[in-house]
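The values are calculated or read from the model by the stated rules, or taken from the named source; none is laboratory data. Just so it is clear, the structure is predicted and the values come from calculations on it, not from any experiment. Quick reminder, even Gly has a Cβ in these numbers, built from the backbone with ideal geometry, and neighbours come from all protein chains shown. Areas reflect the complete protein model, heavy atoms only, side chains present, ligands, DNA and RNA absent. Shrake-Rupley method; radii C 1.70, N 1.55, O 1.52, S 1.80 Å.
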Amino acid sequence: MTGPREPVTLDGGTVRLRPWRVRDAEQLQAACDDPVTAHFMAQMPAPYTMEHARWWITEGSPESWQTGGASWAVVDPLTDEVLGGAGLSHLQEDRRQAEVGYWVAPWARRRGVATAATRAITDWAFGTLGVIRMELFTVPDNAASQRVALAAGFTREGVRRGASTRRDGSHGDYVAFVRLAVDPPGPVPPGLPEFPDGELTDGRVRLRRIARDDAEDYFALAQLPEVARSNVGGPITLDGVRERCACAEADWLAGTRATCVVLDAESGAFAGEIGLYYHERFLQQAILGYALRPEFRGRGFATAAARLLSDWAMEQAGVIRVVAGTFPYNEASRRVLERAGFELEGTLKARLPTRDGTRVDDIQYVRIAEKHR
């Protein structure tokens, strides 16, 4: 399974996977010198020159076939235009497993190129090479690649801590996806469903998934003394917020967290943030948390946001219990929850840590899906 093999061409339906050719060099260079490609493919040279492209076509790619792997140009089956690249690597004969990888040229993104290529390679590995386990790895902030994995029938397996090497030489995590030969071809649904039309709204507030560009607003909100006081996770840094925003879609796809910005529906201004933390899927219980900028408090924004997100969780995401905890001193938050349809459930003594090392009670509210009331 791991010895040298002759290059093959694969039919991926909407794409064709064939060996690289010298005439592909110009398109290969342009695609790999793209900033997005360079960001997520840290093993590639940057800048990526024609010399690099020619080396890959004449030496690098052929060597992969000779050492038990595989490397293809992903092309349009009608025009032969280069749409991306893909490969098979890390074959382990004793475990009958391998790894699939890909990149897509900027002019071919959002056309299903990577999904089609991944399916074709995986089916070939299962049927021709006798592989029974295919692995696919992405960095946490590459949500587009994670969507490809799900669409191609791969299931999120977990996180390989410190397994990736960034361009600056530091190490980061990989999100691991796996498809077994006995698994259906897919797609695998995301952990949490998308918002209808990308957002939730009642005409007064809008909720949408937090994004990279929201980091500065999110950080400023977190630095407000009354918001920072309620943060039991310790000090928040701007770099940490940027990373959280960049990985928010990955959390959504994993089904662990739906972090949203609260917007004034009329002006579009950033009013605050709200999150649903779904770490107790077996119990179908999620935790709700929120914070608003001072100028938007007392106007029903938090109540509307809490109602919108908990409605969506129970009606679309299969959540039965949405719980929200408040500090003993936060009477305003308790009024928000009551107006949003939450009921007081009880007090958990000394549950929450504070920044001075003491602990305080957690006054908990719950909202239960109507059919289970």
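The residues of the chain expose on average 50 square angstrom of accessible surface per residue, using a 1.4 Å probe on protein heavy atoms. Evaluated at q = 0.06, 0.07, 0.11, 0.13 Å⁻¹, the base-10 log of the normalised Debye intensity for the chain, with identical point scatterers placed on the Cα atoms, takes the values -0.30, -0.40, -0.85, -1.05. Translational diffusion coefficient of segment 52-193 (Stokes-Einstein, Kirkwood radius from Cα pairs, 37 °C, 0.692 mPa s): 207 µm²/s. For the chain, the relative contact order comes to 10 percent (Cα pairs under 8 Å, sequence separation of at least 6). Along the Cα-to-Cβ line of residue 109, 7 Å from the Cα, sits a label point; which residues in segment 133-163 have backbone N less than 15 Å from it? Of the residues in segment 133-163, 139, 141-148 have backbone N under 15 Å from the label point off residue 109. Phi-derived couplings, Karplus 6.51 cos²θ - 1.76 cosθ + 1.60 at θ = phi - 60°, listed residue by residue for segment 358-373: 8, 10, 10, 6, 10, 8, 9, 10, 9, 10, 10, 3, 3, 6, 10, 6 Hz, with x used for Gly and Pro. Every helix of 4 or more DSSP H residues in the chain counts as -39500 (n - 2.57), and over all residues that averages to -7500 deg cm²/dmol at 222 nm.
Close amide H partners of residue 155, meaning residues 5 or more places away or on another chain with modelled amide H under 5 Å apart, are 178, 179. Accessible-area rank, largest first, for 107, 252: 107, 252, with all protein chains present and a 1.4 angstrom probe. Projecting the Cα atoms of 290, 337, 322 onto the charge dipole of segment 256-373 (Cβ charges, centred on the Cα centre) puts 322 farthest toward the positive pole. Pairwise Cα distances in segment 112-248 exceed 18 Å for 67 percent of all pairs.
In this structure, the amide hydrogen of residue 70, modeled 1.01 Å from its nitrogen in the peptide plane, lies closer than 5 angstrom to those of 88, counting only residues at least 5 positions away or on a different chain.
Rolling a 1.4 Å probe over the protein heavy atoms of the chain, with every protein chain left in place, gives an accessible area that is 51 percent carbon and sulfur. A full extension of the chain between residue 212 and residue 231 corresponds to an added length of 4.7 nm, given 0.36 nm per residue minus the alpha carbon distance.
Taken one residue at a time, the phi angles of segment 67-74 give Karplus couplings (6.51, -1.76, 1.60, θ = phi - 60°) of 9, x, x, 7, 8, 10, 8, 9 Hz. Gly and Pro are set to x. Remark: segment 33-44, residue by residue, has Karplus-estimated 3J(HN,Hα) of 8, 5, x, 5, 4, 4, 5, 8, 10, 5, 7, 7 Hz, where x stands for each Gly or Pro and the curve is 6.51 cos²θ - 1.76 cosθ + 1.60 at θ = phi - 60°.
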